[in-house]
1. Just the residues that are surrounded by 21 or more Cβ atoms within 10 Å (Cβ to Cβ) and either part of a helix (DSSP H, G or I) or within 16 Å of ligand 1 (Cβ to nearest atom) (or both), please, taken from region 161-179.
2. When you go through (1) of a type outside the set (Val, Ile, Thr); (2) touching a strand residue (DSSP E or B) at 6+ places or on another chain (Cβ under 6 Å); (3) away from ligand 1 (no atom under 11 Å from the Cβ); (4) within 25 Å of ILE212 (Cβ to Cβ) one by one for HIS42, which number turns out not to apply?
3. Among the residues of region 121-173, which ones are under 16 Å from GLU103 (Cβ atoms), among the acidic types (Asp, Glu) and at pLDDT 85 or above?
4. Does region 209-228 contain any residue that is aliphatic (A, V, I, L, M), under 20 Å from the mean Cα position of the chain (by Cα) and away from ligand 2 (no atom under 15 Å from the Cβ)?
5. Can you tell me which residue is farthest from ligand 3 (Cβ to nearest atom) among those in region 16-36 that are among the small types (Gly, Ala, Ser) and within 12 Å of the chain's Cα centre (by Cα)?
6. Among the candidates VAL152, VAL70, VAL140, VAL98, which residue alone is touching a residue at least 40 places away in the same chain (Cβ under 8 Å) and over 28 Å from PRO241 (Cα atoms)?
7. Can you find a residue in region 24-33 that is of a type outside the set (Ser, Thr, Tyr), touching a helix residue (DSSP H, G or I) at 6+ places or on another chain (Cβ under 7 Å) and part of a strand (DSSP E or B)?
8. Could you tell me whether any residue of region 126-149 is surrounded by 17 or more Cβ atoms within 10 Å (Cβ to Cβ) and under 26 Å from ALA249 (Cα atoms)?
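The values are calculated or read from the model by the stated rules, or taken from the named source; none is laboratory data. Because the structure is a prediction, the values reported are computed rather than measured. Neighbour counts run over all protein chains shown; Cβ positions are idealised from the backbone, glycine included.
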Amino acid sequence: MQLSHDLHMAINGQQFFLEYQPVVNLQTNAVLKAEALIRWQHPDKGVIPPMEFICIAEDTLLIVPIGEWVFKSAIEQCRQWRTSLNPDFQVAINKSPVQFAAEYKRQHDWLKEILHGSSERNMVVVEITERLLLDANTQVSERLAKYQQAGVQVALDDFGTGYSALSYLKKFPIDYVKIDRSFVGELGTSTEDEALCRAIIMMAHSLGMQVIAEGIENQRQLEILRDMGCDFGQGFYFSRPLRPDDFAAWVQQWQ
Ligand code: G
Ligand code: G
Ligand code: MN
Ligand code: NA
């Protein structure tokens, strides 16, 4: 297919770029984290969102070099922001289950090698999805533990949309649970979603994990989550994903 041909060109042609969405500490208002989200500047088709090319990248295994590019770019950006914004700044990157498996097959766990020792501990958060935890391959748990040993934190993305039982949470080394935006959207109108968010936060906290709520779009949702003790939040109410320069400017005016 044309797009998969173009995707091969895209890596060498430097057509990918990252946008960053701020993650706000709901208790202190500090912004010390951002989620990196890939976009493809196609020469003819304009900007293509990840939903339209990640699956092609997975089928062709191009997801492995693309993932490596994302990781290296995000780290380079984070090093800059640790100098210009805050020495504790952190970036989160997304990793799909297929990507996780492909890297394993290729023995491609370069993650640790790129980070510069102890000063770069807690510089990166890897976001995985519940689906990955259902993978019978027990290496998942061991590899996540290796990430943590290397100073890379682990977040469980889109939490609540997968099939995994809550009991899965305690079996895996996870630092953050990200409440899916489908549970945040109706906070303020749905008492069921409110109960769900409250339960997720209580359970995560009792297991020693922190919680990030996704898709916060208004003040009411923010206040409900903050009152429930939710640790972090992201969403259009704070900011859309931004290009690096716009992101830095946004953080400056936020403070
Ligand atoms: O940024 P946007 O809302 O369009 O992202 C849509 C989806 O693409 C999200 O599920 C997000 O996790 C995924 N995504 C964004 N960037 C990356 C990336 O660098 N790698 C992978 N595997 N998925 C990504
Ligand atoms: O699956 P993942 O959580 O990685 O997806 C992140 C995606 O969610 C990004 O593509 C981002 O553009 C999108 N997103 C971020 N904040 C909001 C929001 O407040 N509302 C909606 N509808 N989408 C959001
Ligand atoms: Mn994510
Ligand atoms: Na998500």
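1. Scanning region 161-179 gives TYR176, VAL177, LYS178, ILE179.
2. Unmet for HIS42, out of (1) of a type outside the set (Val, Ile, Thr); (2) touching a strand residue (DSSP E or B) at 6+ places or on another chain (Cβ under 6 Å); (3) away from ligand 1 (no atom under 11 Å from the Cβ); (4) within 25 Å of ILE212 (Cβ to Cβ): (4).
3. Result: GLU127, GLU142.
4. Taking every residue of region 209-228 in turn, at least one turns out to be aliphatic (A, V, I, L, M), under 20 Å from the mean Cα position of the chain (by Cα) and away from ligand 2 (no atom under 15 Å from the Cβ).
5. ALA34
6. None of the others qualify; the one that does is VAL140.
7. yes
8. Yes.
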